[in-house]
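Since every read-out is calculated from the coordinates, none of them should be taken as a lab result. Remember, predicted model here, so these are calculated numbers, not experimental data. Counting neighbours? That spans all protein chains shown, and the Cβs are built from the backbone with ideal geometry, glycine included.
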Amino acid sequence: MNESEARYGLLRVMRMAGISALLIASALLSAASAQNAKDAAKPVVKGPWLDKNLLPDKRADLVIQQMTLDEKITLVHGVEGPLAKQHWLGGAGYVPGIPRLGIPELQMTDGRSGVVIIGPRGVYATALPCALANAASWDLDGSYEYGAQLGKEVRELGFNVSLGGTSNIIREPRNGRNFECLGEDPLLIGKMLGRELKGTQDQQVIGNINRYAVNDQETGRFIGSAIIDRRAMQETDLLAFQIAIKESNVGTVMCAYNRVNSVFACENPYLLGDVLKKAWDYKGWVMTDWGAAHSAVPSALAGMDQEMPSGRYFGDKLKAAVEKGEVPVSRLDDMVHRILRTEFAFGIIDNPPEAHPVNPFTGADVAQRAAERGMVLLKNDNGQLPLEASTIKSIAVIGAHADVGVLSGSGSDQVNPAGGKTVPYDRGIVWHPSSPLRALKARTPNAQVSFDPGTDPAAAAKLAGASDIAIVFTWQHTSEGRDVANLSLPDNQDELVSQVAAANPHTIVVLETGGPVTMPWLDKVSAVLEAWYPGIRGGEAVTRILFGDVNPSGKLPVTFPKSEADLPHASVAGMLLDANSQPKEQKKPFDINYTEGLKVGYKWYESEGKEPLFPFGFGLSYTTFVYSELEAAAGKYLRVHFRVANSGGRAGAEVAQVYATLPSSAGEPFKRLVAWEKVSLAPSEAKTVILTIEPKFLSIFNAAKERWELPTGEYKIEVGGSSRSTPLSQTVTMSDSK
Ligand code: BGC
């Protein structure tokens with residue numbers, strides 16, 4: 001197939017996907033003409049740094065030797081305005097290149113649950129399920145596939161930097177950006193995000209870890225100061241970043257808006273210098289979040305390498321500071337070196353991306369698989385699920401615009417899906433065009449499937465009462481820039497569910513939420529499925545799970561509390577409410593005191609003796625699993641092996657989790673996740689799982705000595721299907737190996 005045939009083929013599939021001919025034509029033309037113009041304008045560059053056999057560090061040094069001060073300054077900040085517009089591909093940020101040296105411009109796009117194109121040239125990108133849904137799969141290979149799809153589209157759309165996922169931990173369940181996070185446990189976050197970023201970067205784009213560090217709420221995000229003791233920060237928030245960076249070798253780290261212990265994250269010498277660059281030996285570059293720089297000299301000296309999206313501080317001000325000797329030339333060279341060595345290492349200089357539209361179908365298949373892996377079955381009384389199509393005569397489908405789409409989260413992770421918006425105006429909320437109603441009708445051709453919008457609970461209950469089963473789709477919209485005031489479903493949905501459940505004993509609730517919500521109606525419904533923000537094939541994925549075409553295997557990456565009263569903090573720090581109890585802007589700087597410290601998520605509930613609604617690691621299957629034969633042996637490493645058997649009648653996958661409680665001398669009287677494996681089993685099949693636990697995951701941070709230490713003594717090892725269901729346990733003694 002030649003290039004024009006390939007383009008024509010793509011045009012046809014995009015048409016079939018309902019994408020307008022005008023958009024396709026303009027996308028193809030603008031991509032092609034931009035590429036041709038660029039190719040024609042490219043100077044022929046020769047230089048020893050273009051030798052692909054040299055190491056990236058060497059190549060970077062060779063370029064730096066040729067650079068003027070102005071050229072160096074060009075690379076360390078973004079550009080906005082007319083110059084950027086000429087070259088803009090529609091992403092979040094642009095940094096000009098240095099054509100005479102063959103250094104390309106940086107085209108950056110947000111890419112967490114899909115490529116976010118905000119500019120006029122953008123057409124379409126795959127809306128994957130949100131990051132929290134990906135984390136709920138606990139599936140490392142799946143996370144790689146998720147990241148690879150992202151990276152592929154980042155590159156196909158002409159970008160070379162993907163502003164990627166975040167390692168920030170869910171400390172505050174009301175945080176509006178929890179849907180972009182990967183849960184409340186540093187090991188789960190670090191491993192899952194690390195594999196995702198590996199998938200992205202294997203597509204020859206530079207990846208990124210967003211918002212370093214302790215950026216755990218949106219209220220006062222530009223002015224709040226996260227106050228947290230060093231040990232707690234190292235063992236929770238920073239550990240998640242450290243693991244993800246180590247696993248992925250990520251090219252860029254974005255410093256966050258907030259202050260950490262009173263110092264802005266982007267000019268924080270401890271975070272950027274002592275920890276990231278020295279202790280973790282990070283080789284990539286630190287870019288700011290958009291507008292998160294506050295100075296030239298302190299930021300440069302602390303370790304910030306690039307200001308985005310403009311050069312307010314790292315343009316003329318940094319140049320003057322270098323000329324005056326306030327910032328050594330060696331520090332500027334280090335910034336440039338980090339940027340260039342990363343560009344060489346990731347292949348964006350040797351093999352730059354060429355913009356062309358993406359194929360909507362392969363992406364949608366990946367999105368569907370990810371959604372199916374990450375949905376969590378929370379309740380299933382009396383085997384209500386899976387549904388059996390042949391015996392159902394009527395289904396009432398209720399609420400959440402389920403006739404047309406599924407919910408997405410807002411802010412810089414808002415993907416433009418194929419087919420455009422389904423609900424023209426809904427408070428800025430985007431419902432992706434994947435209709436659960438249509439998918440359910442297709443799955444049950446002989447049943448009467450009716451829809452009620454759920455705005456009038458009595459009307460919905462009436463339809464439910466006249467149907468065999470009722471499926472209530474519920475939603476909680478969350479967004480960057482604002483937290484939710486509480487964990488209740490909005491818009492009177494608790495009343496809706498209660499009335500429907502009273503009218504029909506076979507009521508199934510599907511949650512489309514960006515994190516935990518409360519469920520005052522839980523005892524009255526027969527089944528609950530957490531679908532998160534499920535992406536462009538969410539409707540199909542929900543249907544396949546409800547009917548057992550897919551056996552659910554997701555587990556909660558975050559605890560669901562019974563009520564806000566059980567959280568470490570009664571309300572979100574600094575949150576002000578308006579007359580309608582809705583959050584309003586907080587303008588006065590304030591502290592966010594993370595007094596719970598180490599006790600994040602399940603560790604909090606366990607040590608406070610509070611029973612959650614659904615614990616961390618929990619999720620049901622249509623089959624059952626039995627654990628046996630634990631053996632834990634301590635040597636240089638701790639090795640654990642045990643058996644998991646499928647004792648039910650269906651094939652399924654179990655996320656087998658290993659927790660450790662450290663010796664009492666460690667001062668941590670609660671367990672922590674130290675390993676897991678997702679095991680796929682046919683009916684009656686059993687497998688032995690063998691896991692080696694990295695010493696780091698059994699260690700504590702000694703803040704006085706600023707180092708990690710492995711406590712000696714008795715460790716309690718527990719194994720099971722959730723943080724509160726660990727049928728196997730054994731004690732092992734770790735002695736001083738020296
Ligand atoms: C967000 C980042 C994002 C950046 C660029 C900021 O507002 O906090 O997550 O990468 O914008 O869009």
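Helix-only arithmetic for the chain: the sum of -39500 (n - 2.57) across DSSP H runs with n ≥ 4, divided by the residue total, places the mean residue ellipticity at 222 nm at -8500 deg cm²/dmol. A dipole drawn for the range 364-445 from +1 and -1 charges on Cβ atoms has a positive end, and of Gly428, Ala402, Ala389 the residue lying farthest that way is Ala389. For the chain, the gyration tensor built on C-alpha atoms gives an oblate shape. Its axis ratio a/c (a ≥ b ≥ c) is at least 1.5, and a/b is not larger than b/c.
Among 588-597, 237-246, sorting by the average number of other beta carbon atoms lying within 10 angstrom of each residue, highest first, gives 237-246, 588-597. Each of Glu388, Glu372, Glu80 was scored by other Cβ atoms within 10 Å of its Cβ. Listed from fewest to most, they are Glu388, Glu80, Glu372.
Taking the centroid of alpha carbons for each part, the range 610-638 and the range 275-334 are 45 Å apart.
Per-residue 3J(HN,Hα) values for the range 445-455, derived from phi via the Karplus relation 6.51 cos²θ - 1.76 cosθ + 1.60 with θ = phi - 60°, read x, 9, 9, 8, 10, 10, 10, 10, x, x, 6 Hz in sequence order (x marks Gly and Pro). Remark: for residue pairs Lys462/Lys610; Lys46/Lys246; Lys277/Lys696; Lys191/Lys716, the C-alpha separation exceeds 28 Å in Lys462/Lys610; Lys46/Lys246.
Segment Lys421..Asp736, full-extension length gain: 107.4 nm, with 0.36 nm per residue of separation and the alpha-carbon distance subtracted. Centre-to-centre separation between the Cα atoms of the range 339-360 and those of the range 379-414: 40 Å.
A protection proxy built from the mean count of other Cβ atoms within 10 Å ranks the segments 538-545, 457-464, most packed first, as 538-545, 457-464. Placing R0 at 25 angstrom, the Cβ-Cβ distance between Ala651 and Asp381 gives a FRET efficiency of 0.65 after rounding to 0.05. Computed over the range 56-124, relative contact order equals 25 percent, with contacts defined as Cα pairs under 8 Å that lie 6+ residues apart. Taking all Cα pairs closer than 8 Å and separated by 6 or more residues, the relative contact order of the range 153-235 comes to 37 percent. When the charge dipole of the chain is built from unit charges on Cβ atoms (+1 for Lys and Arg, -1 for Asp and Glu) and taken about the Cα centre, the candidate among Ser137, Phe590, Ser729 whose Cα reaches farthest toward its positive end is Ser137. Across the chain, Cα pairs under 8 Å and at least six residues apart give a relative contact order of 14 percent. A cysteine counts as unpartnered when no other cysteine's C-beta lies under 4.7 Å of its own; in the chain this applies to Cys130, Cys181. Computed packing ranks the peptides 401-413, 150-162 as 150-162, 401-413, most packed first, by mean other Cβ atoms within 10 Å.
Close amide H contacts of Asn261 (hydrogens built in the peptide plane, cut-off under 5 Å, sequence separation of 5 or more or a different chain): Ala226, Ile227, Ile228. Computed from backbone phi with θ = phi - 60° and the Karplus coefficients 6.51, -1.76 and 1.60, the 3J(HN,Hα) list for the range 555-565 is 10, 4, x, 8, 6, 9, x, 6, 7, 4, 4 Hz; x is used for glycine and proline.
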